[in-house]
Structures are given as structure tokens and as C-alpha cells.
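To start, the structure itself, in C-alpha cells.
The values are calculated or read from the model by the stated rules, or taken from the named source; none is laboratory data. Computed from a predicted structure; not experimentally measured. Note: ideal-geometry Cβ built from the backbone for every residue, glycine included; neighbour counts use all protein chains shown. Please note that ligands, DNA and RNA were not included when accessible areas were found on the heavy atoms of the full protein model with its side chains. Shrake-Rupley method; radii C 1.70, N 1.55, O 1.52, S 1.80 Å.
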Amino acid sequence: MNQKNSLAGFRNGLGRFGDAVHDRWLSTPGWQRWILYVFLIIGALLLPSESLAPIMSPYTDWASILFFPIGTYVVLAIGLNVVVGQAGLLDLGFVAFYAVGGYAMALIGTRLGWNFWLILVVGIGICALSGLTLGAPTLRLRGDYLAIVTLGFGEIIRITARNTDEIGGPNGIRGIPHPPSIEDFSLFGINFSEVFGVDPLKYGVLDPRPYYYLLVALAVIVIILVKRWEKSRVGRAWAAIREDEDAAEVMGVPTFRFKMLAFAIGASIGGAMGVLWAAKAISINPNDFQFLLSATILAAVVMGGSGNLPGVMLGAFLVAWLPERFRGLQEYRMLIFGAVLVALMIFRPEGLLPSRQRKAELQEGTGGMGTLGAEVPGPDSQVEEVASK
């Protein structure tokens with residue numbers, strides 16, 4: 001009993017600290033927030049510094065893993081959070097949209113020779129259409145049934161790519177073009193190649209940093225758009241659907257239309273990341289899009305705090321970085337990684353940085369996942385036991 005009380009006290013202490021930080025942030029003037037945002041972007045751009053490599057990644061190239069898996073997982077987690085965290089729709093096939101974006105870049109780039117930027121726009125459109133195609137017949141399902149259908153969709157995409165010789169079959173596609181380069185890029189009179197030793201717009205094979213900078217730009221745009229949606233009528237509709245879809249529909253919310261929109265937006269973000277990753281990877285094959293990637297991104301969303309954008313990004317960073325940081329432990333690194341996830345679910349089941357709304361849902365017994373976890377009571381929910389006589 002004492003151990004149980006101590007765990008509850010530890011969780012409550014973390015919750016109060018998080019609430020205090022959240023209240024302080026809400027009272028901060030807008031101009032101060034924008035200053036912090038600018039510093040965060042600058043910090044992200046400085047992350048590939050070689051001085052951080054011995055600490056962050058002593059066994060692998062730090063700049064390379066910043067692009068993949070760290071940066072890639074962060075963008076994919078933001079996209080999946082729209083579907084799972086905000087709309088409350090459990091998607092186990094999110095890797096399918098990542099694959100569609102990657103193959104769009106590979107096929108259009110190698111066979112039609114289009115510019116990367118045009119392919120990015122077309123790839124986003126194709127993935128949005130794929131999200132609508134998947135959502136139209138399946139979004140009338142809920143909970144486990146929807147999860148099974150999305151899981152099947154992800155496997156259908158991978159198996160179709162493997163068995164279709166016209167798109168490379170099991171060997172995939174090679175020779176994917178890079179984004180167009182601009183050498184000797186300068187801004188405000190600063191020549192980046194002389195000051196920082198890198199041309200941020202010179203895309204090649206050896207230096208991963210230009211791709212990472214492009215990924216940061218993509219992430220900033222995605223974050224701005226997602227936050228705008230979250231604070232709009234669309235975000236309020238997603239929250240209503242997540243908490244109680246039947247009640248939302250009774251109150252006049254067109255639930256099916258907003259669920260379709262969530263799927264299309266999440267698919268677009270996943271597809272954009274797929275296009276960028278394929279341009280960096282040069283070659284892709286169906287084995288790059290296993291179900292394990294969908295499960296890993298979902299774990300990042302839940303681990304960070306489903307529905308809370310900073311928490312989701314933190315969860316994705318940790319899920320991608322921890323296995324690379326402890327790569328020197330060989331096979332034991334995955335054991336340690338699993339132990340960290342188990343410990344987190346024990347001490348912080350609502351995630352590292354949950355939103356207040358999600359914490360309230362967890363305490364009400366919905367598992368912090370809307371109707372998806374309705375069968376699982378939260379750690380602080382009261383379960384009444386009725387003894388029959």
C-alpha cells in the first residue's frame with residue numbers, strides 16, 4: 001500500500017509541475033512566445049554540431065541519425081498525432097502513407113524527371129487522396145475494428161509494392177534524384193560554407209546536414225498548420241469526436257466528414273516525409289515500410305503524451321534516439337529500451353507531457369485514448385465493485 005501511495009504521489013507531483021508550467025506558458029505574452037520559438041528553431045538548426053556527437057551518438061554519425069530516424073520519426077509522429085491524438089482514431093497502418101510518398105518520389109523522379117518541389121506537392125496530394133480512399137469505406141468502424149482495417153491497409157501497400165514488377169518489385173527503385181542544389185548559398189552577407197562548413201542547399205550523397213535543414217523547415221510548417229487546426233473549429237470537432245462520437249453527432253457535428261479530414265491531413269504529413277526521405281535515401285524497397293514502423297510511431301505518440309504536440313515530439317525523439325545512443329550495448333539495447341517503455345507506462349501512463357484534457361480522459365477511465373481505451377480504467381479512476389449477495 002505504501003508503494004502504491006508513493007507511486008501515486010510521484011505521478012501527482014509530476015502532474016502539478018506540468019500544470020504549473022502550462023499555466024505559466026498561457027500567461028506569457030505572445031511576443032515572448034515567438035522569441036522562444038525562434039530560439040528553438042535556431043537550436044534545432046545547430047543540433048548537427050560535431051561537438052554534440054560524442055555525447056548524443058558515440059557509435060554512429062550524429063548528423064545522419066538526426067535526419068533518420070530522429071527527424072523522420074518526429075514528423076511522422078506529428079502526422080499520426082492528428083489521427084490518434086486529436087481525432088481519437090487508432091491507425092495501425094500509418095506507414096502506408098509514408099510508403100506512398102516515397103514511391104511517388106521514386107517513380108515520378110526516375111521516370112518523368114520532375115523537379116523535387118513539384119513532386120513534393122503532387123506526393124502530398126496523392127497521399128491525401130489515399131487517406132480519403134482508406135477512410136471512405138472504413139471510418140464508419142470504430143475502435144479495434146478500425147485498427148484492424150488500417151493494419152491491413154498498411155500491409156496491402158507493402159505487399160502490392162513487393163509483388164508489382166512495374167514499380168521495382170522486391171528490389172525496389174534506385175537512382176532517385178536529389179532536390180535541386182544551390183551552391184555557395186549566402187544570407188545577409190553570411191556565406192554558410194565558410195562560416196559553418198556546410199552549404200544548406202547543396203544536396204548530395206555524403207553530407208546529410210542539408211537534408212536535415214530541409215526537414216526542419218518541413219517540420220516548422222507542419223507544426224504551424226497543425227496548431228492552427230487544433231485551435232480552430234476543426235480541432236474542437238476532433239476533440240468532441242474523440243471524447244464521445246455519438247454525443248458529438250447528436251449535437252450536430254458532422255463526425256464522418258471531420259474524421260475523413262483527420263485521415264487526409266495525417267496522410268499528407270506522412271506522405272511529405274516519405275517524399276523527402278526517398279530523395280535522401282536514393283533507393284527504396286518494400287522492406288523499408290514494415291508494420292514495425294507504424295507501431296514505433298504509435299508508441300512515440302502514446303509515450304510522449306497523445307494529443308499534446310510538444311509531448312509527441314519529445315516521445316518521437318526518445319524512441320528514435322535511445323536505441324542509437326546505446327547501440328554499443330548490442331542486443332541488450334533493445335531490452336533496455338523496452339524496460340524504459342514499461343517503466344514509463346507504470347510511472348507515467350498518460351505520457352511524458354500530456355495535455356490536461358487527455359489526463360482528464362485517463363482519470364475518467366478511457367485510457368487517455370478517447371473511446372479507444374474505454375475498457376481500460378485509468379490509474380486514478382475509481383472502480384466500484386458491487387458484491388452480490
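Would you pick out the residues in segment 85-95 that are assigned to a helix (DSSP H, G or I) and either charged (D, E, K, R) or at pLDDT 95 or above (or both)?
Start the filter on segment 85-95 by keeping residues that are assigned to a helix (DSSP H, G or I), which leaves 85-86, 95.
Result: 95, single match.
Scan segment 296-341 residue by residue and report those that are without any contact (Cβ under 8 Å) to a residue 40 or more places away in the chain, open to solvent by 40 Å² or more (accessible area, probe 1.4 Å), in a helix (DSSP H, G or I) and not hydrophobic (A, V, I, L, M, F, W, C). Show your work before the answer.
Quick first cut of segment 296-341, residues without any contact (Cβ under 8 Å) to a residue 40 or more places away in the chain only: 314, 318, 322-323, 326, 329-340.
From what's left, open to solvent by 40 Å² or more (accessible area, probe 1.4 Å): 314, 326, 329-336, 339-340.
From the residues that got through so far, the ones that are in a helix (DSSP H, G or I) too are 314, 329, 332-336, 339-340.
The answer is 332, 333.
Looking only at segment 47-75, which residues are under 20 Å from residue 315 (Cβ atoms) and either surrounded by fewer than 20 Cβ atoms within 10 Å (Cβ to Cβ) or of a type in the set (D, E, K, R) (or both)?
We begin by selecting, within segment 47-75, every residue under 20 Å from residue 315 (Cβ atoms); these are 47, 56-57, 65-75.
Listed by number, the residues that qualify are 47, 56, 57, 68.
Name the residues in segment 276-295 that are part of a helix (DSSP H, G or I) and either closer than 17 Å to residue 66 by Cβ or open to solvent by 40 Å² or more (accessible area, probe 1.4 Å) (or both), would you?
276, 277, 279, 280, 281, 287, 288, 291, 292 - these are the residues of segment 276-295 that are part of a helix (DSSP H, G or I) and either closer than 17 Å to residue 66 by Cβ or open to solvent by 40 Å² or more (accessible area, probe 1.4 Å) (or both).
Is it the case that residue 295 is of a type outside the set (Lys, Arg) and at pLDDT 95 or above?
Values: of a type outside the set (Lys, Arg): yes; at pLDDT 95 or above: no.
For residue 295, the condition - of a type outside the set (Lys, Arg) and at pLDDT 95 or above - is not met.
Can you tell me which residue among 98, 103, 73, 59 is modelled with pLDDT under 95 and not small (Gly, Ala, Ser)? Let's see the steps before the verdict.
Numbers: 98 fails: modelled with pLDDT under 95; 103 fails: modelled with pLDDT under 95; 73 fails: modelled with pLDDT under 95.
Just a single option satisfies the conditions, and that option is 59.
Given (1) assigned to a loop (DSSP other than H, G, I, E, B); (2) over 30 Å from residue 202 (Cβ atoms), identify the lone condition not met by residue 157.
Every condition holds for residue 157 apart from (1).
Based on this model, can you work out whether residue 142 counts as open to solvent by 50 Å² or more (accessible area, probe 1.4 Å) and either in contact with a helix residue (DSSP H, G or I) (Cβ under 9 Å, 6 or more places away or on another chain) or charged (D, E, K, R) (or both)? Let's see the steps before the verdict.
On the way: open to solvent by 50 Å² or more (accessible area, probe 1.4 Å): yes; either in contact with a helix residue (DSSP H, G or I) (Cβ under 9 Å, 6 or more places away or on another chain) or charged (D, E, K, R) (or both): yes.
Taking the combined requirement at face value, the residue satisfies it.
Mind listing just one residue for me: the one in segment 199-246 that is outside any helix (DSSP H, G or I) and without any contact (Cβ under 8 Å) to a residue 60 or more places away in the chain and, of those, most open to solvent (accessible area, probe 1.4 Å)? Step through it out loud before you land on a result.
Kept after step one, since they are outside any helix (DSSP H, G or I), are these residues of segment 199-246: 199-208, 231-232, 244.
If we keep only those that are without any contact (Cβ under 8 Å) to a residue 60 or more places away in the chain too, we end up with 199-202, 204, 206, 231-232.
Details: 199: 28, 200: 21, 201: 49, 202: 95, 204: 26, 206: 166, 231: 150, 232: 35 Å².
So the residue we want is 206.
Which is under 30 Å from residue 126 (Cα atoms), in contact (Cβ under 8 Å) with a residue 60 or more places away in the chain, touching a strand residue (DSSP E or B) at 6+ places or on another chain (Cβ under 8 Å) and open to solvent by less than 10 Å² (accessible area, probe 1.4 Å), of 102, 88, 93?
Numbers: 88 fails: touching a strand residue (DSSP E or B) at 6+ places or on another chain (Cβ under 8 Å); 93 fails: touching a strand residue (DSSP E or B) at 6+ places or on another chain (Cβ under 8 Å).
Exactly one residue qualifies, and that residue is 102.
Return yes or no: is residue 109 touching a helix residue (DSSP H, G or I) at 6+ places or on another chain (Cβ under 8 Å), more than 24 Å from residue 294 (Cβ to Cβ), touching a residue at least 40 places away in the same chain (Cβ under 8 Å) and in a helix (DSSP H, G or I)? Spell out how you get there, then give the answer.
Details: touching a helix residue (DSSP H, G or I) at 6+ places or on another chain (Cβ under 8 Å): yes; more than 24 Å from residue 294 (Cβ to Cβ): yes; touching a residue at least 40 places away in the same chain (Cβ under 8 Å): yes; in a helix (DSSP H, G or I): yes.
Yes.
Looking for whichever is modelled with pLDDT of 75 or more and either part of a helix (DSSP H, G or I) or open to solvent by less than 50 Å² (accessible area, probe 1.4 Å) (or both) here; the options are 21, 38. Which one fits? Don't jump to the end; show me each part of the working.
Numbers: 21 fails: modelled with pLDDT of 75 or more.
Of the residues listed, the single one that is modelled with pLDDT of 75 or more and either part of a helix (DSSP H, G or I) or open to solvent by less than 50 Å² (accessible area, probe 1.4 Å) (or both) is 38.
Just for segment 107-118: of the residues that are aliphatic (A, V, I, L, M) and farther than 17 Å from residue 172 by Cβ, which one is surrounded by the fewest Cβ atoms within 10 Å (Cβ to Cβ)?
If we filter segment 107-118 for residues that are aliphatic (A, V, I, L, M), which is where we start, we get 107-108, 112, 118.
Next, from what is left, pick out any that are farther than 17 Å from residue 172 by Cβ: 112, 118.
Values: 112: 10, 118: 12.
Ranking the candidates gives 112 first.
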